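Down below is the structure, laid out as structure tokens.
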Amino acid sequence: MRTPRLLLLVVTLAVCFAVALPALAQGGMSGKSRLTLDHYLQLQGVGGPVISPDGTRIVYTRSWIDSVNDSRENELWIMNADGTRKRKLVDGSGAIWSPDGTRIAYTASGEPKGSQIWVRWMDAEGAASQITHVDESPGAITWAPDGTSIAFTMLVPSSNAWPIKMPSRPDGAEWTKNPRIVEKAVYRRDRQGFIEEGNRHIFVVSADGGPVRQLSQGDYNYGSPSWSPDGGTMYFSGLLVDHPEHEWRQSAVYALDVATGAARQLTDRSGSESGPVVSPDGEWVAFTGTHLVEQTYIERQLYVMRANGSDMRSVTPELDRSPGNIRWRADSSGIFFTVRREGTSNFWFVPADGAEPPVQVTDGNHMLSVSNVSDTGVAVATVGSHHEPGDVYAFDVDSPNALRRLTNVNENLLTSIELGNVEEVWYKSTDDLDVQGWIVKPPDFDPSQSYPLVLAIHGGPHGMYNVGFNFGWQNHAANGYVVFYSNPRGSSGYGTDFGNAINRAYPDKDYDDLMNGVDRVIADGYVDERNMYVYGCSGGGVLTAWVVGHTDRFAAASSNCPVINWLSFVGTTDGIGWYRNFDNYPWDDPSEHLRRSPLMYIGNVTTPTMLMTGVNDLRTPISQTEEFYSALQVMRVPTAMIRFNDEWHGTSSKPSNYLRTQLYLRHWFERYMTDDAMPKRLKQAESTVMETTATRE
């Protein structure tokens with residue numbers, strides 16, 4: 001009798017799903033189709049374009065979804081600098097050209113396991129060789145100036161073997177494996193779910209392959225190395241991992257003698273300094289940094305100092321935005337960098353002597369990320385926007401407004417799809433604060449109609465929603481939802497004061513910013529206030545849990561990978577080192593931690609609230625989700641807990657889990673949508689298979 005009941009359940013669900021299909025529209029007035037989850041499986045991405053030293057060829061990474069193996073795969077492609085003759089080179093990603101342009105180094109799967117460094121000759125033969133055979137994945141690879149070796153960073157796991165003497169194991173006995181011993185505040189999980197400790201160190205390997213040599217030492221995590229032009233010195237930043245006499249987040253810039261491994265500290269102040277890059281003439285080092293103060297958010301500055309550590313100065317003291325992806329001009333006269341501000345990303349330049357303020361090189365409502373600049377001043381970048389997932393572009397740094405598009409990998413897919421328009425809005429919030437947001441509208445939007453609204457909240461909390469393409473929101477819009485997202489106080493990209501406004505006050509007025517944003521959209525007259533929904537992950541999960549404890553205006557919510565109890569969180573997260581920067585430990589005075597915990601407002605919750613979290617999450621452990629779920633059950637609030645397998649922090653790293661996340665969200669929202677609203681909503685067929693996630697005998 002068990003099998004028929006299960007069969008009846010599956011058939012009933014399938015019939016319920018199929019009943020709506022005749023009413024589903026595949027296209028609107030434009031004749032184009034709507035964005036479905038099938039399209040997600042076809043969407044491709046590009047990234048990391050690098051131009052050859054002679055400026056004639058560009059190598060870039062092209063990614064695609066392997067739906068059979070539920071993975072995202074990467075390939076390296078090459079084209080001429082004008083975008084012609086595109087062709088695949090090899091499987092892998094993250095290519096960098098050798099200084100003489102004869103080879104590329106990149107990472108790809110290899111032996112004995114995981115990611116390894118490979119070198120491919122760029123001649124007609126195109127021979128590729130694996131040059132590392134290491135147990136951990138290499139990162140931050142960079143060529144030596146003479147092209148004979150390659151530096152990289154790699155995790156060195158700690159060895160915590162205690163000198164205990166176990167009794168002899170009987171012959172043939174199969175005892176439980178030895179436990180992992182963890183003694184530090186910083187740790188992670190490997191793919192088998194084990195807790196691991198360790199530090200990321202700098203290594204070097206011959207470009208022809210062979211043994212690897214560890215250069216850096218000590219209890220530090222080391223950042224990407226930058227070679228001096230003569231190849232004798234590397235500059236890098238080191239983050240002190242765990243020491244009782246130092247702040248946990250303090251880092252400094254170091255110089256390391258490649259031959260001997262001897263390191264000397266170049267910066268010495270209470271602060272966080274990272275990403276040093278040596279000038280082409282070897283005279284200067286540029287890096288970003290902040291003073292270490294008791295704040296949760298500070299915009300970084302761009303600093304320049306001599307190669308020996310003297311004459312350090314900021315060259316962006318008035319910018320109040322964090323420079324990123326810094327690189328020197330070929331003549332060492334200044335530094336290019338990227339700035340993310342007000343939802344966009346553009347390219348900037350500042351003279352190395354600081355005599356003039358930084359200037360914005362590119363201007364556009366887009367997300368532009370430069371990968372490298374040739375000696376002749378040609379920059380290659382990826383550029384994306386609301387309706388463009390991202391492609392490779394090139395431009396001359398002296399005439400930056402002439403962006404040249406070199407790839408269009410999704411043109412064949414998107415040309416037949418009608419995407420929703422995206423409207424930028426600014427609105428007033430508490431304290432007369434100006435807040436930026438965006439509204440994604442369904443295709444064939446009619447302002448005289450009423451639409452359900454979805455409020456999406458970003459994580460961080462010091463994150464920044466931007467103008468880049470977002471498949472998930474466009475997919476919700478294709479299913480008839482209006483999607484609203486904004487950057488409430490605490491977000492990055494708006495200056496230190498704005499980002500630090502939630503210091504010791506999170507959640508707080510950021511909630512006001514979100515609600516005022518919802519009111520701003522409602523004021524336009526096309527939102528069905530009976531059918532409004534809210535969701536977010538991580539910091540967005542925190543605020544979603546806070547929202548349902550402070551208002552009942554939403555018909556349903558999904559608090560994903562949240563923190564709901566700051567007291568239990570500090571003892572379970574992998575980010576406990578953060579607390580070492582402050583003197584307000586929760587056990588000294590728990591009152592503020594309790595006041596900011598969404599769990600404390602569980603008695604106010606009436607909104608049906610779903611929770612979705614990866615079972616391997618260490619940043620916002622699933623125990624936080626379990627606490628909230630149990631509390632909601634006690635209060636008889638409609639709830640569901642979805643525990644995502646093979647997920648860490650988030651629910652969408654696996655392509656199939658991304659699809660599930662989209663579908664579970666809409667299924668939960670639709671369960672609490674008013675009946676009369678359903679015919680007004682343009683539903684979109686999803687050609688996916690109904691899944692039974694658990695079966696009870």
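The values are calculated or read from the model by the stated rules, or taken from the named source; none is laboratory data. As the structure is a prediction and not an experimental result, all values here were calculated from the model. As a convention, Cβ positions derive from the backbone with ideal geometry for all residues, glycine included, and neighbour counts pool all protein chains shown.
Values as computed for the structure displayed
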| item | result |
| --- | --- |
| Close pairs (9 angstrom Cβ cut-off, 6 or more residues apart or separate chains): over 30 Å from GLN116 (Cβ atoms) in segment 152-174, surrounded by 10 or more Cβ atoms within 10 Å (Cβ to Cβ) and of a type outside the set (Gly, Ala, Ser) anywhere | TRP162/ILE181 |
| Scan of segment 582-607 for residues that are assigned to a loop (DSSP other than H, G, I, E, B) and either among the acidic types (Asp, Glu) or within 27 Å of ASP646 (Cβ to Cβ) (or both), ordered by number | ASP583, ASP588, ASP589 |
| Unmet requirement for ARG404, which otherwise passes all of (1) more than 28 Å from the chain's Cα centre (by Cα); (2) part of a strand (DSSP E or B); (3) surrounded by fewer than 16 Cβ atoms within 10 Å (Cβ to Cβ) | (1) |
| Segment 637-661, subset among the polar types (S, T, N, Q) and in contact with a helix residue (DSSP H, G or I) (Cβ under 6 Å, 6 or more places away or on another chain), residue nearest to PRO621 (Cα to Cα) | THR651 |
| Qualifying residue in segment 311-319 (condition: without any contact (Cβ under 8 Å) to a residue 40 or more places away in the chain, within 29 Å of SER385 (Cβ to Cβ) and surrounded by fewer than 19 Cβ atoms within 10 Å (Cβ to Cβ)) | yes |
| Qualifying positions in segment 483-508 - surrounded by fewer than 19 Cβ atoms within 10 Å (Cβ to Cβ) and among the basic types (Lys, Arg) | ARG504 |
| Residues that are β-branched (Val, Ile, Thr) and either within 22 Å of ASP82 (Cα to Cα) or in contact with a Ser or Thr (Cβ under 9 Å, 6 or more places away or on another chain) (or both), drawn from segment 348-384 | VAL350, VAL361, THR362, VAL370, VAL373, THR376, VAL378, VAL380, THR382, VAL383 |
| Near pairs, Cβ below 9 angstrom, 6+ apart or cross-chain, from segment 396-419 (under 12 Å from VAL46 (Cβ atoms)) to any residue that is in a helix (DSSP H, G or I) and modelled with pLDDT under 95 | none |
| Unmet criterion (only one of (1) without any contact (Cβ under 8 Å) to a residue 40 or more places away in the chain; (2) assigned to a loop (DSSP other than H, G, I, E, B)) for LEU368 | (2) |
| Scope segment 478-518; condition of a type in the set (D, E, K, R), touching a residue at least 40 places away in the same chain (Cβ under 8 Å) and either in contact with an Asp or Glu (Cβ under 9 Å, 6 or more places away or on another chain) or more than 22 Å from GLU592 (Cα to Cα) (or both); matching residues | ARG489, ARG504, LYS509, ASP512 |
| Hey, SER345 farther than 20 Å from PRO276 by Cβ and either outside any loop (DSSP other than H, G, I, E, B) or without any contact (Cβ under 8 Å) to a residue 12 or more places away in the chain (or both) or not | yes |
| Filter result for ASP146 (among the acidic types (Asp, Glu) and touching a residue at least 60 places away in the same chain (Cβ under 8 Å)) | yes |
| Exclusive hit being over 21 Å from HIS366 (Cα atoms), among the charged types (D, E, K, R), modelled with pLDDT of 95 or more and in a loop (DSSP other than H, G, I, E, B), set ASP446, ASP431 | ASP446 |
| Residues of segment 619-641 that turn out to be closer than 11 Å to CYS561 by Cβ and aliphatic (A, V, I, L, M), as a count | 1 |
| Considering residues of segment 251-289 that are polar (S, T, N, Q) and within 23 Å of the chain's Cα centre (by Cα) only, the residue modelled with the highest pLDDT | THR288 |
| Residue among MET305, MET367 that alone is of a type in the set (A, V, I, L, M, F, W, C) and either within 29 Å of GLU388 (Cα to Cα) or touching a His at 6+ places or on another chain (Cβ under 7 Å) (or both) | MET367 |
| Per-region count, segment 463-478, residues part of a loop (DSSP other than H, G, I, E, B) and either crowded, with 24+ Cβ neighbours inside 10 Å or modelled with pLDDT of 95 or more (or both) | 7 |
| Options VAL422, VAL440, VAL454, VAL409: the member that is within 30 Å of ARG85 (Cα to Cα) and surrounded by 18 or more Cβ atoms within 10 Å (Cβ to Cβ) | VAL409 |
| SER416, sole failed condition from (1) in contact with a Ser or Thr (Cβ under 9 Å, 6 or more places away or on another chain); (2) closer than 30 Å to ASN503 by Cβ | (2) |
| Residue ID - nearest to the chain's Cα centre (by Cα), chosen from residues in segment 620-674 that are without any contact (Cβ under 8 Å) to a residue 24 or more places away in the chain, assigned to a helix (DSSP H, G or I) and surrounded by 16 or more Cβ atoms within 10 Å (Cβ to Cβ) | ASN657 |
| Residue list for segment 251-284, restricted to those being under 23 Å from ASN325 (Cβ atoms), of a type in the set (Asp, Glu) and in a strand (DSSP E or B) | GLU273 |
| Yes/no for ASN531 being in a loop (DSSP other than H, G, I, E, B), modelled with pLDDT of 95 or more and buried (at least 20 other Cβ atoms within 10 Å of the Cβ) | no |
| Some residue of segment 371-393 being hydroxyl-bearing (Ser, Thr, Tyr) and outside any strand (DSSP E or B) | yes |
| Some residue of segment 586-596 being of a type in the set (Asp, Glu), closer than 23 Å to TYR533 by Cα and loosely packed, with under 15 Cβ neighbours inside 10 Å | no |
